[in-house]
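Chemist: Before we start, here is the structure in question, set down as structure tokens.
The values are calculated or read from the model by the stated rules, or taken from the named source; none is laboratory data. A quick note: this is a predicted structure, and the numbers were derived from the prediction, not measured. Note that each Cβ is placed from the backbone with ideal geometry, even for glycine, and that neighbours are counted across all protein chains shown.
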Amino acid sequence: MNWIGRSLPRLEDPTLLRGHGHYVADLAQDAAHIRFVRSPVARGRILGIEAPEGVTVYTAADLSDVGQIRPVLERPDYVAVGQPVLPSDRVCFAGQAVAFVVADEAAAAEDLAEQIFLDIEPEEPVVDLDAALRPDAVPTHPEAPGNVLVEGRMRTSGLDAAFAGAAAVVELDLRSRRQSAMPMETRGGVARYDQRDRRTTLHASVQMPHMLRTGLADLLGCPEADLRVIAPDVGGGFGQKMSLFPEYVALVWLARHLKRDVAWIEDRRENFLASAHSRDQAFTVRGAFDAQGRLLGLEADLRSNVGAFSCYPVTCGVEPLMAFAELPGPYKVLEYGARSRGVTTNTCTMAPYRGVARPMLTLTMERLMEDAARRLGLDPIEIRRRNLIDSFPHRSPTGLVYDAGSYIAAMEAAVAAVDLPAFRRRQAEALTQGRYLGLGISVFSERTGYGTPAYAARGMAIVPGYEQVDCALDPSGHLELRIGASPHGQGLATALAQLVADELGVVPSQVRVISGDTDRTPYGWGTFASRSMVIAGGASKLASAKVAAKLRAVAACLMEATEAEIDLEGGLARVRGTNRSTPIREIARAAHHRSHLFSDLEGGLRQTAFYDPFGTFSNACHVAEVEVDVDTGGVRIERFLVVEDAGRLINPMIVDGQIHGGVAQGIANALYEEMIYDPDGNLLTASLADYLPPTINEIPKIEIIHMETISDATLTGAKGVGEGGTIGAPAAIVNAIVDALAPFGVAINETPATPERIRAAIRSARENRHE
Amino acid sequence: MKPAAFDYHRPTDVVAALALLDAHGADGKVLAGGQSLVAAMNFRLARPGVLIDVNRIAELDYLRVEGGHLRVGALTRHAAFHRPVVDGPLGTLLSRVVEHVAHYPIRQRGTFAGSLAHADPASEWCLTATVLDAEISVRSLRGARSIPASAFFKGTFTTALEPDELITEIRLPLLDAGWRGGFSEFSRRAGDFALAMALAVLRVESGVIRAARLGIGGVADRAIRLHAVEAALVGREATESIFRAAGAEASRAVEPSADIHASSEYRRDLIAAMVARALAEAAA
């Protein structure tokens, strides 16, 4: 029985859909509740913290033994800034936790928090990205006088010549406005102190439980063994739940200090104010094209607003350095020059969000291709055809090595599927009735499943990347797979069960995947960066293959055959070419209970494997068809198609789910979601009345066509697919809007393309025409 | 996002509710559907000391036609209007408007009267009441009175309702078969607060507008009746260009509000488009 490639219903779902899941808030019932008192201003000096008589408030003074969160990049252009768990002298963004109170009930804690007076002398903040780069800008941190915390720079030797010899130079200024990953479940933790062994267990809604434990132990100055971190069911993370946040440190400190159970369940307002933001980026690029539309050179000035602090462990380099390294995307860029800066401001800290810099860099390259095609009179499909990478391995100007993909083929398949000529006829017909239809495409690469080399290349002091898996066959013939990855909604337990079931000839329901508990799983990095199927999958395959080898050896002994003759399938060990077989559970039982018979056999039925790959590139082409209401600037997505190549599909239904969810967040990025600060650094979008994730009404049916390029870059043939939907959708939608508005000659280079922005562009185009 | 502490009462008749309102004054707050109030309390933007829950007052739960009016009892939920509640243009128009009132689950709970008492500037029902010349019946221990919609809305979240008064009924004049309604709204997402909306009711005979009522909402501190534009429409032919001209005139008639979702300038564009579309729908 081959389980790989089947759309097996997710093993996780019966529990979750029946409401039997355990989220952090479900575990907080008997705990005391913390409420953080947060800075009402973006920047200021703390003069005092006052509490009414009888109210205990915890401040920086109470946490004087606790260290600062201070992630490091080992590169000369990086300025490390420390983030205190609670600040003692100055606040750096509106919403920063300054103190906390504790009460038996969450509402009572909120009542107490209202009585705490923060005496803060406000100072002029720096909020806007480009304002922070002006020579006279106030430094957010004294350590970084120019507000630049990290800066990547490179320039290939032939770049100037490429521009000098260009038939057309296309210049673009693009802006991606700030977003929140906005997981459905906010952050939260329950810290339980156990008097018996003096350990503290933190149940927290996180993506990297092992890393969190390391960070907590370092900051609290205790052995890791004194702490246990458990990620129970987690209601979405999207990168926001990767980082070590001050709130968790405070929570564990308090549980240890009071020797009692304490909980912090973040509310939505706190999540918007103080969890993490992303995508606040401005790119200025120039592309040099020859007359045939070949991209000879690309020069870019990339700025990312990284907010007040540097997220731990990936640091504030995550957006700027990814933008720097991956801007060329799926295109052959012969000469490349880039400067990419991470800029600190008095705003909420940036942390990874599904896609990281790639939605913006894909928008950049796809707008560049469209503009170049228009300038050179080329078909926009043809110009991409001439520039897309087509031989593998491909080495990018920044040294990235792309494994085999289907960049051109995926685009051709997408164009064929939407029937472009038929669309053009429909578009022309609609225009005669005053309706504006547009079609946009977006071709991109998605770097996934990368191990330590990729993170080491960024200079990270803490280098994530590998995964370990512990695979054990118990005497009943069931498997336990203990993984360092920490899935939180992706269906990884199902996919790994399918993978392992094929190695061992059992059914997926016999495989129990254990994750998200530092006591029960090997050290690992968690789930993020479209890595788990590739890396935890690869390690699972290796570990289960070792167990399978032992099973075969034992089976061979029991059935008087050679190991090479044993096939494991259908729950049986069969001797090939005979009718002899033994149930795997009997072999498992024998291996455990009659081990004296097999004392000369190496290994056991519990095996650990380690996997640390270089990484692999998925690729895809998205096509959006839209109708723009030119009177209101409103956009309706009429059709959305994804041609996706994620290598071998372990569970196609799960892959489709990843694409659907990703595209929905891409639509959010393209049209709806925007975190807005006023000039004083107050967040104006701190509730769901003002921050606008799309709902089911705004998400069209998403059509998917799969291609499966199997490269040798991964053990399983699977490539990562977690972020592609988010990466590609904004560019396809923006290109479709620009196409729809071609009669006005309107360019849109900013996301979200809100109705107001679209309407303003139309109005200014009309006014220009009248002049 | 947990509410501040409050006391809670659940009277079962109007007089008991009025007595509670009288006793608690401005510290008392009526809880009907709670779809705005409870969210505001969770944000601690509202912190009433006493909640007076009127959901068990059966005498307020009715919807009937009487004396040339549609009489909407104070407990009538938005969802009641999904299907026309009365034959003729009024029922059709109300069912058209209700699709834009928030989302389906909210419409099961929120009330027509609660919307009016809350007086959100982007409330569809406040605009409807303004354009259709609704009468709002209110009671207190001091007595009963009827307030015309034109005098009821005073500004954002502000009405002519005194702290001890309870809305008991809204009366909407029926529209005879000669009238036709049209409604147009623009919001960022389905169910969001309107960035602009327009409601029009026209009598068109032989292609000529004989009577017109027109209002806009979501663009100022309350719904605005556009009397001058109405007057200019009467006697004109019901054509697209007339409607566009009316839209343009409407957009100049107000100084639209500005917020993070729409600047004043953008709202002018939306007013023009919404008015033209509502008129076109009413004339169709």
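Chemist: Please verify whether B:G49 is at positive phi and touching a residue at least 24 places away in the same chain (Cβ under 8 Å), treating the condition exactly as stated.
Modeler: The answer is no for B:G49.
Chemist: Of the conditions (1) buried (at least 21 other Cβ atoms within 10 Å of the Cβ); (2) touching a Lys or Arg at 6+ places or on another chain (Cβ under 6 Å); (3) more than 30 Å from A:Q83 (Cα to Cα), A:E266 clears all except one; give me its number.
Modeler: Going through the list (1) buried (at least 21 other Cβ atoms within 10 Å of the Cβ); (2) touching a Lys or Arg at 6+ places or on another chain (Cβ under 6 Å); (3) more than 30 Å from A:Q83 (Cα to Cα), A:E266 breaks only (3).
Chemist: Mind listing just one residue for me: the one in region A:690-712 that is assigned to a loop (DSSP other than H, G, I, E, B) and among the hydrophobic types (A, V, I, L, M, F, W, C) and, of those, farthest from the other protein chains (Cβ to nearest Cβ)?
Modeler: The qualifying residue farthest from the other protein chains (Cβ to nearest Cβ) is A:I710.
Chemist: Going through region A:80-117 one residue at a time, which ones are assigned to a strand (DSSP E or B), aliphatic (A, V, I, L, M) and crowded, with 20+ Cβ neighbours inside 10 Å?
Modeler: A:V91, A:A97, A:V98, A:A99, A:V101, A:V102 - these are the residues of region A:80-117 that are assigned to a strand (DSSP E or B), aliphatic (A, V, I, L, M) and crowded, with 20+ Cβ neighbours inside 10 Å.
Chemist: Kindly indicate which of A:A255, A:A300 is under 26 Å from A:C222 (Cα atoms) and at pLDDT 95 or above.
Modeler: A:A255
Chemist: Moving on. Residues in region A:316-325: is at least one modelled with pLDDT of 95 or more, closer than 19 Å to A:P453 by Cα and assigned to a loop (DSSP other than H, G, I, E, B)?
Modeler: yes
Chemist: Let me ask something else. Note down all Cβ pairs under 7 Å where the first residue falls in region A:574-598 and is charged (D, E, K, R), the second is in a helix (DSSP H, G or I), and they're at least six residues apart or on different chains.
Modeler: Matching pairs, first to second residue: A:R576/A:E565; A:R580/A:M559.
Chemist: Could you tell me which of the residues A:E723, A:E750, A:E673 is within 23 Å of the chain's Cα centre (by Cα), among the charged types (D, E, K, R) and within 14 Å of chain B (Cβ to nearest Cβ)?
Modeler: A:E673 is the lone residue from the list that is within 23 Å of the chain's Cα centre (by Cα), among the charged types (D, E, K, R) and within 14 Å of chain B (Cβ to nearest Cβ).
Chemist: Of everything in region A:260-276 that's in a loop (DSSP other than H, G, I, E, B) and more than 10 Å from chain B (Cβ to nearest Cβ), which residue is nearest to the chain's Cα centre (by Cα)?
Modeler: Checked region A:260-276; the qualifying residue nearest to the chain's Cα centre (by Cα) is A:A276.
Chemist: Considering region A:46-94 alone, what residues qualify as being closer than 21 Å to A:E123 by Cα and of a type in the set (D, E)?
Modeler: If the condition is that a residue be closer than 21 Å to A:E123 by Cα and of a type in the set (D, E), then A:E50, A:D89 are the ones that fit.
Chemist: Being surrounded by fewer than 19 Cβ atoms within 10 Å (Cβ to Cβ), touching a residue at least 12 places away in the same chain (Cβ under 8 Å) and of a type in the set (S, T, N, Q) is true for just one of A:T494, A:T448, A:T452, A:T521. Which residue is that?
Modeler: Only one candidate qualifies: A:T452.
Chemist: Restricting attention to region A:713-759, which residues are among the hydrophobic types (A, V, I, L, M, F, W, C) and assigned to a strand (DSSP E or B)?
Modeler: A:A718
Chemist: If you check B:A211, B:A276, which single one turns out to be more than 19 Å from the chain's Cα centre (by Cα), within 14 Å of chain A (Cβ to nearest Cβ), farther than 28 Å from A:Y691 by Cβ and not basic (K, R)?
Modeler: Answer to the selection: B:A276.
Chemist: Sticking with this structure for a sec: Write out, first by first residue and then by second, each pair whose Cβ atoms fall under 7 Å of each other, whose residues are 6+ apart or on separate chains, and whose first residue, in region B:261-284, is under 17 Å from B:V97 (Cβ atoms) while the second is assigned to a helix (DSSP H, G or I) and at pLDDT 95 or above.
Modeler: Hits for this filter: B:V275/B:A246; B:V275/B:G247; B:V275/B:A250; B:L279/B:F243; B:L279/B:A246; B:A280/B:E240; B:A280/B:F243.
Chemist: I would also like to ask the following. Suppose we filter region A:614-663 for residues that are within 14 Å of another protein chain (Cβ to nearest Cβ) and among the acidic types (D, E); how many remain?
Modeler: Counting residues in region A:614-663 that are within 14 Å of another protein chain (Cβ to nearest Cβ) and among the acidic types (D, E) gives 2.
Chemist: Out of all the residues in region A:113-131, is one or more within 14 Å of chain B (Cβ to nearest Cβ) and closer than 16 Å to A:G48 by Cβ?
Modeler: Yes, region A:113-131 has at least one match.
Chemist: Right, next: Does B:R83 satisfy being closer than 21 Å to B:P105 by Cβ, surrounded by fewer than 16 Cβ atoms within 10 Å (Cβ to Cβ) and assigned by TED's automatic domain parsing to the domain that holds B:A119?
Modeler: Spelling it out, B:R83 is indeed closer than 21 Å to B:P105 by Cβ, surrounded by fewer than 16 Cβ atoms within 10 Å (Cβ to Cβ) and assigned by TED's automatic domain parsing to the domain that holds B:A119.
Chemist: Suppose we keep only residues that are part of a loop (DSSP other than H, G, I, E, B) and out of contact with any Pro (no Cβ under 9 Å at 6 or more places or on another chain) within region A:235-259. Which one would you say is farthest from the other protein chains (Cβ to nearest Cβ)?
Modeler: Once the filter is applied, the top-ranked residue is A:K259.
Chemist: Confirm whether A:V507 is free of Cβ contacts under 8 Å to residues at least 12 places away in the same chain, in contact with a helix residue (DSSP H, G or I) (Cβ under 7 Å, 6 or more places away or on another chain) and hydrophobic (A, V, I, L, M, F, W, C).
Modeler: Here the answer is no, as A:V507 does not meet what is asked.
Chemist: Under 7 Å between Cβ atoms, which residue pairs at least 6 apart in sequence (or on different chains) link something in region A:214-235 that is among the basic types (K, R) with a partner that is at pLDDT 95 or above?
Modeler: A:R228/A:R199; A:R228/A:T201; A:R228/A:T518; A:R228/A:D519
Chemist: Name the one entry in A:P145, A:P125 that is without any contact (Cβ under 8 Å) to a residue 24 or more places away in the chain and on the phi < 0 side of the Ramachandran plot.
Modeler: None of the others qualify; the one that does is A:P145.
Chemist: Related question: When you scan region A:125-230 for strands (runs of 3 or more DSSP E) that lie fully inside it, which ones turn up with 1 or more residues that are acidic (D, E)?
Modeler: A:148-155, A:168-176, A:188-194
Chemist: I would also like to ask the following. Has region A:16-28 got at least one residue that is in contact with a Ser or Thr (Cβ under 8 Å, 6 or more places away or on another chain), surrounded by 15 or more Cβ atoms within 10 Å (Cβ to Cβ) and closer than 26 Å to A:E123 by Cβ?
Modeler: no
Chemist: Would region B:188-195 turn up any residue that is out of contact with any helix residue (DSSP H, G or I) (no Cβ under 9 Å at 6 or more places or on another chain), in contact (Cβ under 8 Å) with a residue 60 or more places away in the chain and more than 10 Å from every other protein chain (Cβ to nearest Cβ)?
Modeler: no
Chemist: Further, regarding this structure: Can you say whether A:D470 is assigned by TED's automatic domain parsing to the domain that holds A:V534 and touching a residue at least 12 places away in the same chain (Cβ under 8 Å), as far as the supplied structure shows?
Modeler: yes
Chemist: Here is a further query. From the residues in region B:244-272 that are within 12 Å of chain A (Cβ to nearest Cβ) and farther than 27 Å from A:L688 by Cα, which one is surrounded by the fewest Cβ atoms within 10 Å (Cβ to Cβ)?
Modeler: Ranking the qualifying residues of region B:244-272, first place goes to B:A248.
Chemist: In region A:474-484, is there at least one residue being polar (S, T, N, Q) and surrounded by fewer than 22 Cβ atoms within 10 Å (Cβ to Cβ)?
Modeler: Scanning region A:474-484, I find at least one residue that is polar (S, T, N, Q) and surrounded by fewer than 22 Cβ atoms within 10 Å (Cβ to Cβ), so the answer is yes.
Chemist: Taking B:R77 and the conditions (1) touching a residue at least 60 places away in the same chain (Cβ under 8 Å); (2) charged (D, E, K, R); (3) surrounded by 17 or more Cβ atoms within 10 Å (Cβ to Cβ), which numbered condition does it fall short on, given that it satisfies the others?
Modeler: The number of the failed condition is (1).
Chemist: Only residues that are more than 20 Å from the chain's Cα centre (by Cα), over 15 Å from B:H9 (Cα atoms) and part of a loop (DSSP other than H, G, I, E, B): list them for region B:26-67, please.
Modeler: Across region B:26-67, the qualifying residues are B:F43, B:R44, B:L45, B:A46, B:R47, B:G67.
Chemist: Looking only at residues in region A:1-38 that are assigned to a helix (DSSP H, G or I), of a type outside the set (G, A, S) and under 27 Å from A:L273 (Cα atoms), which one is nearest to the chain's Cα centre (by Cα)?
Modeler: The residue in question is A:V24.
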